[in-house]
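To start, the structure itself, in structure tokens.
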Amino acid sequence: MSKVAVVTGSRRGLGEAICYQLARDGYDIVVNDMVEKEQVDKVVKHIEENYSTNAIGVMADVSKEEEVLKLLEIVKNRFNHIDVLINNAAIVEDMEIKERSTELFNETIRNNVTSTYLMSKYIGREMFEKKHGKIINISSTNGINAFFPTSIDYDASKAAVISLTHNFALEYAPYVFVNSIAPGWINTEMNKQLPKDLIKEETDKIYLKRFAEVEEIASFVSFMVSDACSYLNGEIIKLDGGY
């Protein structure tokens, strides 16, 4: 029986790269996002055409409980089980604090934190009952040691994801491994659109003098969900190239 991985927020960027890496590893993949169904379908098609594995796309806003339950039902009906959950769904919109509305702040928290909580609550419980499973939460160095007032809500959300990681690791011990990766700057399409002076300023702070590629982060996710990673639990791993 093939292992099954659910990757939230995976129509593009890091989530997409994680889908391809885990498909390469032999996992059946559940590609999830809440917008751009055609892009989700494109990721599914790429997996099915390039890897000896299966994939389905599930459109769901995983910050909403009823949609999480719908996703879980769809996946169980198709694959019967879930071995790996990657909580990657997140939003960010930079602006000055004085311009940020309370509504936008709360929306970021809901999308980035509530989604991780709900997916871990329901899928993690399924894993615990079967005494098997791994959850990887995608946090950020913004939640640890890279602070930007223009993304104050995003920074707060990623710190909260770290707290959720510790608590769910304790809740589901000893059967479910719950860890988090905290990447620094990644060379995504979105980050390529940042002001050039900011990119240079931040690149100069990185020991390796470059942003990470999505494939580098995805390959570490591959290790963390593998059988070779058998004694890591409740941990936050920074992947920032030195900063």
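The values are calculated or read from the model by the stated rules, or taken from the named source; none is laboratory data. On a predicted model such as this, the values are computed, not experimentally measured, just so you know. Heads up, the Cβs are rebuilt from the backbone with ideal geometry, glycines too, and the neighbour counts pull from every protein chain shown. These accessible areas exclude ligands, DNA and RNA; they are computed on the full protein's heavy atoms, side chains included. Shrake-Rupley method; radii C 1.70, N 1.55, O 1.52, S 1.80 Å.
Before moving on, here are some points about what is shown:
- Checking Ala228, Ala173, Ala218, Ala212 one by one, the residue that is touching a Gly at 6+ places or on another chain (Cβ under 7 Å) and hydrophobic (A, V, I, L, M, F, W, C) is Ala212 and no other.
- Selection within segment 75-114 - part of a helix (DSSP H, G or I) and open to solvent by 70 Å² or more (accessible area, probe 1.4 Å): Lys76, Asn77, Arg78, Ile97, Lys98, Glu99, Thr102, Glu103, Asn106, Glu107, Arg110
- Within the span defined as segment 33-40, every residue fails to be touching a strand residue (DSSP E or B) at 6+ places or on another chain (Cβ under 6 Å) and closer than 14 Å to Ala218 by Cβ.
- Flag if Ala173 is of a type in the set (A, V, I, L, M, F, W, C) and without any contact (Cβ under 8 Å) to a residue 40 or more places away in the chain: no
- The number of residues in segment 179-209 being in contact (Cβ under 8 Å) with a residue 24 or more places away in the chain, over 19 Å from Ser10 (Cβ atoms) and either of a type in the set (Asp, Glu) or in contact with a Gly (Cβ under 7 Å, 6 or more places away or on another chain) (or both) comes to 4.
- Residue-level analysis places Ile206 among those that are farther than 24 Å from Asn112 by Cα, among the β-branched types (Val, Ile, Thr) and open to solvent by less than 80 Å² (accessible area, probe 1.4 Å).
- Among the residues of segment 178-195, just one is touching a Ser or Thr at 6+ places or on another chain (Cβ under 9 Å) and open to solvent by 30 Å² or more (accessible area, probe 1.4 Å), namely Trp185.
Residue-by-condition table, conditions (1) among the hydrophobic types (A, V, I, L, M, F, W, C); (2) at pLDDT 95 or above:
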{"residue": "Ser2", "(1), (2)": "no, no"}
{"residue": "Tyr20", "(1), (2)": "no, yes"}
{"residue": "Val43", "(1), (2)": "yes, yes"}
{"residue": "Ile47", "(1), (2)": "yes, yes"}
{"residue": "Thr53", "(1), (2)": "no, yes"}
{"residue": "Gly57", "(1), (2)": "no, yes"}
{"residue": "Leu69", "(1), (2)": "yes, yes"}
{"residue": "Ile82", "(1), (2)": "yes, yes"}
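- Some residue of segment 191-207 being touching a helix residue (DSSP H, G or I) at 6+ places or on another chain (Cβ under 8 Å) and among the aromatic types (Phe, Trp, Tyr): no
- Qualifying residue in segment 132-141 (condition: over 17 Å from the mean Cα position of the chain (by Cα), surrounded by fewer than 13 Cβ atoms within 10 Å (Cβ to Cβ) and at pLDDT 95 or above): no
- Those residues of segment 144-167 which are open to solvent by 20 Å² or more (accessible area, probe 1.4 Å) and touching a helix residue (DSSP H, G or I) at 6+ places or on another chain (Cβ under 8 Å), in sequence order: Ile144, Phe147, Phe148, Pro149, Thr150, Ile152, Tyr154, Ala156, Ala159, Ala160, Ile162, Leu164
- Qualifying residue in segment 96-115 (condition: in contact (Cβ under 8 Å) with a residue 60 or more places away in the chain and within 19 Å of Ser180 (Cβ to Cβ)): yes
- Verdict on Ser52 being over 17 Å from the mean Cα position of the chain (by Cα) and under 13 Å from Val84 (Cβ atoms): no
- Taking each residue of segment 44-66 that is in contact (Cβ under 8 Å) with a residue 60 or more places away in the chain and looking for partners that are among the aliphatic types (A, V, I, L, M) and open to solvent by 20 Å² or more (accessible area, probe 1.4 Å) with beta-carbon atoms closer than 8 Å, six or more apart or interchain, yields nothing.
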